[in-house]
1. Rank these residues by their accessible area, most exposed first, probe 1.4 Å: H65, H38.
2. How charged is the neighbourhood of S18? Take every other residue with its Cβ under 13 Å from the Cβ of S18, and add Lys/Arg as +1 and Asp/Glu as -1.
3. Each label point is 7 Å from the Cα along the Cα-to-Cβ direction; what then is the distance between the points at E68 and N43, in nm?
4. Around N190, what is the net charge, scoring Lys/Arg as +1 and Asp/Glu as -1 over all other residues with Cβ under 14 Å from its Cβ?
5. Got a sec to turn the phi values of region 130-138 into Karplus ³J(HN,Hα) couplings, 6.51 cos²θ - 1.76 cosθ + 1.60 with θ = phi - 60°, whole Hz, x for Gly and Pro?
6. Considering region 46-143, what Rg and Dmax in Å follow from its alpha-carbon atoms?
7. Just one of (i) 176; (ii) 145; (iii) 127 is volume of the Cα convex hull per residue in Å³ as worked out from the coordinates here. Which one is it?
8. For the chain, set up a GNM with springs between Cα atoms under 10 Å and report which of D171, D87, D37 has the largest fluctuation.
Amino acid sequence: DYNVQSPSLPLIGYNEKSYDILRFKFSPFGETTLYADHFEADNYLKKYSIEIFTKELYKNNTINHKIEFVETFVLDSSLIVLFSSFDPEKLENKLYAVQYIDGFLIGNPIEILKIKTQNRFEKGSFIVEYDLKRSVFVAIGIEPGLKTNDQVFHIVSADQNLNMVWKQNLDIPYKENNYELQQLEIDENNRLFLLFKIILNKEQQKQNELP
């Protein structure tokens, strides 16, 4: 069985009684199945293992396009799985979340975020921030703005039961290659802090030089 200290197996949740590890299984055809293995902390014995992602697992009448795994983690004994589904006809990329408790899927996938794309080749991207010691997480959908030199961050915060806590849009007046998002942090009041590094071109650098 796995050791919780093994660096090759991602730890996705823990408390004083148990811990959870993400496991990958690859097929000869290049398909990946993801499992969450739940262990007891006192004896390191695996209590159960559940399949949490395949390319077909969450498809239904609403989710009928290709899905991609985004993130998984455990908040307050609730296992959250996030995945995206891109609609090339509507040019929409949606982020969905599902919840597992004690190894059982609770309800159906919930759409928590949606971004528009300019064409079927640029799907946009999602960023997820969480703290295993807290009961909320934050998801950010990065969408190209109406102007050619800006982006829009669609931000939502949800709790361990997938209830929305707050949402906010943030206009970023830079292209993707003109900044770096260096740090995200959720504080004890469920506020999100973002640290950006702005990358200036040579002309902008000259304008900012001291005389």
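1. On the way: H65 55, H38 25 Å².
Ranking H65, H38 by accessible area, largest first, yields H65, H38.
2. -4
3. 4.3 nm
4. Computed value for this residue: -3.
5. 8, 10, 4, 8, 10, 10, 10, 9, 10
6. Reported Rg and Dmax, both Å: 14.0, 46.
7. Evaluating volume of the Cα convex hull per residue in Å³ on these atoms matches (i).
8. Its mean-square fluctuation being the largest, the pick is D171.
The values are calculated or read from the model by the stated rules, or taken from the named source; none is laboratory data. Here the structure is a predicted model, which is why all the values come from computation and not from measurement. We place every Cβ from the backbone using ideal geometry, glycine too, and count neighbours over all the protein chains shown. To get the accessible areas, we keep the full protein, side chains included, count just its heavy atoms, and leave off ligands, DNA and RNA. Shrake-Rupley method; radii C 1.70, N 1.55, O 1.52, S 1.80 Å.
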